[in-house]
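Right, one structure below, let's go through it.
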Amino acid sequence: MAELSQTDLDGIYAFAVKLGKDAGALLWKTAQLRMGDDAASAAEKDHVEKENAVDLVTETDENVEAFIKEQIAQKYPSHKFVGEESYSKGASRDYLIDDEPTWCVDPIDGTVNYIHLFPMFCVSVAFIYKSKPVIGVINAPFLRQFFSSCSGRGAWLNETQPLPLVRNPVPPMPENAPKGCVFSCEWGKDRRDQPDGNMHRKIESFVNMAAEIGGRDGRGGMVHGMRSLGSATLDLAYVAMGSFDIWWEGGCWEWDVAAGIAILNEAGGLITTANPPQDEATCTIEEVKLGSRLYLAIRAAGPSSTETGRQSQERTVREVWRRVRNLDYSRPGA
């Protein structure tokens, strides 16, 4: 496998940006059909379930993915492609990301939002090299927000505003984080009402993060607010913006997070595993493996009089771990 230079990456980045714009325009055009009352609109309003009543796909998901896949195949025929809809149709759930140049695509992240015309849906395109997301493009056409990043070139909102939004200086994490933070989380697709199952563990974790300091046997986090957008991709984009301080989630696939991770990394954020390790107070905090399905993200942080920015991020990670339950989202090869 030939090494990619920064010039090579810049060319791929330019292609990815145009691809994200074109795919977002296609998504917006079909979203507008949902607002109409003709035959085309009626057809667009159909959707089907994949695994359960909150795991949905529309014809638009498949059409947008087919468009993106065709454009990539014409421009970079030797690159691998992993897309949500093509992957979901197969029986395998093997880990597919390796060192080969790979495009990882979610044609609509937030399909339930799209169906209900809640604005939090987007096209997500990532380019992965040596198992790392190095280019990310997220287009949320209803919001008119376009996020992009390339390794070594920074992260951007609408191509002109560098991320995070608050800069010079970037604020440190709050001294008593998670108190004072905005905490982002998702209910996810696992809705099985099983004692100590994923949904119940998430609920317990959410209450811990929200409860008053001193509550919940000392696990109360008293966060400023809890946010659930229905799109892991946009959750990560807003952490990259600095609008969310913390994002904690389990159950995501690669296409849900790859572009967001690329953007967050370039914006100075930290992303590690959602599950608290046994030695959570002393362990080395490592970057999460793409495909692990368990993620904890912290926004960029500047230094304070007592800590570096990285130290305040790691302190926040440990405080989140102290308040959340381990989630069970396993897969072959992970």
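Data for the structure
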item: Matching residues, segment 157-189, being buried (at least 17 other Cβ atoms within 10 Å of the Cβ) and within 13 Å of Gly268 (Cβ to Cβ); result: Leu163, Pro164, Val170, Pro171, Pro172, Met173
item: Test result for Ala262, in contact with a Pro (Cβ under 8 Å, 6 or more places away or on another chain), outside the structural domain of Pro133 (by TED's automatic domain parsing) and within 18 Å of Cys104 (Cα to Cα); result: yes
item: Residue match in segment 276-294 (condition: of a type in the set (Asp, Glu) and touching a Leu at 6+ places or on another chain (Cβ under 7 Å)); result: no
item: Qualifying residue in segment 229-240 (condition: buried (at least 23 other Cβ atoms within 10 Å of the Cβ), in contact with an Asp or Glu (Cβ under 7 Å, 6 or more places away or on another chain) and of a type in the set (Gly, Ala, Ser)); result: yes
item: Yes/no for Ile128 being within 16 Å of the chain's Cα centre (by Cα), within 13 Å of Tyr238 (Cβ to Cβ) and in contact (Cβ under 8 Å) with a residue 12 or more places away in the chain; result: no
item: First in segment 222-238 and under 13 Å from Gly188 (Cβ atoms), second anywhere and assigned to a loop (DSSP other than H, G, I, E, B), Cβ under 6 Å, 6 or more apart; result: Ser228/Glu186; Leu229/Met120; Gly230/Gly110; Gly230/Met120; Ser231/Gly110; Ser231/Met120; Ala232/Cys252; Asp235/Leu229
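Let's see how each residue does on (1) closer than 26 Å to Gly218 by Cα; (2) surrounded by 21 or more Cβ atoms within 10 Å (Cβ to Cβ); (3) not assigned by TED's automatic domain parsing to the domain that holds Lys132:
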{"site": "Ala281", "(1), (2), (3)": "yes, no, yes"}
{"site": "Ile285", "(1), (2), (3)": "yes, no, yes"}
{"site": "Val288", "(1), (2), (3)": "no, no, yes"}
{"site": "Gly302", "(1), (2), (3)": "no, no, yes"}
{"site": "Ser312", "(1), (2), (3)": "yes, yes, yes"}
{"site": "Thr316", "(1), (2), (3)": "yes, yes, yes"}
{"site": "Asn326", "(1), (2), (3)": "yes, no, yes"}
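The values are calculated or read from the model by the stated rules, or taken from the named source; none is laboratory data. Everything numeric in this text was worked out from a predicted model, so none of it was measured. So basically every Cβ, Gly included, is an ideal-geometry build from the backbone, and we count neighbours across all protein chains shown.
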